[in-house]
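For reference, the structure is listed below as structure tokens.
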Amino acid sequence: MKLRSIIVDDEPVARKVLKEYIEDISFLVIAGEADNPLKARPLLDRESIDLIFLDINMPKLTGIEFLRTSNSLPMVIMTTAYAEHALDSFSLDVIDYLVKPFSFERFLKACNKAKDYHQLKMQAEKNLPAHENYFFVKYNGRIEKILYDELLFVEAALNYVILHTANGKMIVYLTIKGIMESLPPELFSKVHKSFIVNLQKISSIEGNIIHIGKAEIPISQNSQDEVMKLILKDKMLKR
């Protein structure tokens, strides 16, 4: 299986080098390229992409800003001339960080990491029982079972998260990021840095506010268009 990749870099020479490197790796295929992250977004919405080769210093929106304001991105390998942003990048879960100019050997090593990660993820999804629809958390000295269908939304609260369920609230010692990584993306979406919602429980949307029962949940301004597309999908009826 080949990893479908896109290149996001404002330098034509850099894109040319990346394309030549990618063409020499048997498990990679180029699915597109863009000279800034704003142009990359339609590619990601339209195509099934596994890997992004992402520059940092670009006009309008930097690579770091793109990572911070985007939900559900594929794997990312940073390709940049700026070594000082490595810490920020790894905190955003990039696969690897390549400082230009980098050798083909170093590029191949990063791509092999992406391939190995992808294979592990695919194997884990393959082994996941189809009927699994719950998870467990520690709460008040007990291990509690939470059904996906009963979880309305998740709210970040300092070093904890609040699980808002059909049966009440539970404050547990977890992170919003850790919870999101454990939830099925087809059912749950992070709509704000502090909120994850159950897409099936949304009753209405008013401006940048999601209504789930009596609760009002804000949609992040930076990712409102992307979140709305994810929520509405093809279910919005038009005249």
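The values are calculated or read from the model by the stated rules, or taken from the named source; none is laboratory data. Source: prediction; values computed, not measured. Here the Cβ is made from the backbone with ideal geometry for all residues, glycine too, and neighbour counts use every protein chain on show. Heavy atoms of the whole protein, side chains included, go into the accessibility calculation; ligands, DNA and RNA do not. Shrake-Rupley method; radii C 1.70, N 1.55, O 1.52, S 1.80 Å.
Structure notes:
- Placing +1 on the Cβ of every Lys and Arg and -1 on the Cβ of every Asp and Glu, with nothing else charged, gives the stretch 107-234 a dipole about its Cα centre of roughly 480 debye.
- Of the accessible area of the stretch 146-239, computed with a 1.4 Å probe over protein heavy atoms only, carbon and sulfur atoms account for 52 percent.
- Given R0 = 35 Å, the distance between the Cβ atoms of Lys100 and Leu158 translates into a calculated FRET efficiency of 0.35.
- Only one residue of Leu108, Phe195, Pro184 has its Cα farthest out toward the positive end of the dipole of the stretch 96-204, where Lys and Arg carry +1 and Asp and Glu -1 on Cβ, and that residue is Leu108.
- Heavy-atom accessible area with a 1.4 Å probe sorts Tyr160, Tyr21, Tyr97, Tyr134, largest first, into Tyr160, Tyr134, Tyr21, Tyr97.
- Theoretical gain in end-to-end length, Asn71 to Met1 [0.36 nm per residue, Cα-Cα removed]: 22.7 nm
- Built amide H within the under 5 Å cut-off of His192, gap 5+: Ser220
- Spin-label model, Phe90/Ile30: points 7 Å from Cα along the beta carbon direction are separated by 3.0 nm.
- Using θ = phi - 60° in the Karplus curve 6.51 cos²θ - 1.76 cosθ + 1.60, the 3J(HN,Hα) couplings for the stretch 133-146 round to 9, 7, 8, 10, 9, 8, 8, 6, x, 10, 9, 9, 8, 10 Hz; x is entered for Gly and Pro.
- Carbon plus sulfur fraction of accessible area for the stretch 1-113, probe 1.4 Å, in percent: 54 percent
- Ordering of 64-73, 136-145 by burial proxy (mean other Cβ atoms within 10 Å per residue, highest first): 64-73, 136-145
- Magnitude of the charge dipole, the stretch 1-135, Cβ model with Lys/Arg +1 and Asp/Glu -1, debye to 20: 200 debye
- For the stretch 74-227, the per residue solvent-accessible surface stands at 61 Å², with DNA, RNA and ligands left out and a 1.4 Å probe.
- Estimated from helical segments only, the mean residue ellipticity of the chain at 222 nm is -9500 deg cm²/dmol, where each DSSP H run of four or more residues counts as -39500 (n - 2.57).
- Taking amide H positions as modeled 1.01 Å from N, with prolines and chain starts lacking one, the residues under 5 Å from Ile212 and 5 or more places away or on another chain are Ser203, Ile217.
- Note on Asp10: accessible area is roughly 60 Å² with a 1.4 Å probe, heavy atoms of protein only.
- Total charge dipole magnitude, the chain, about the Cα centre, Cβ charges on Lys, Arg, Asp, Glu only, Debye to nearest 20: 560 debye
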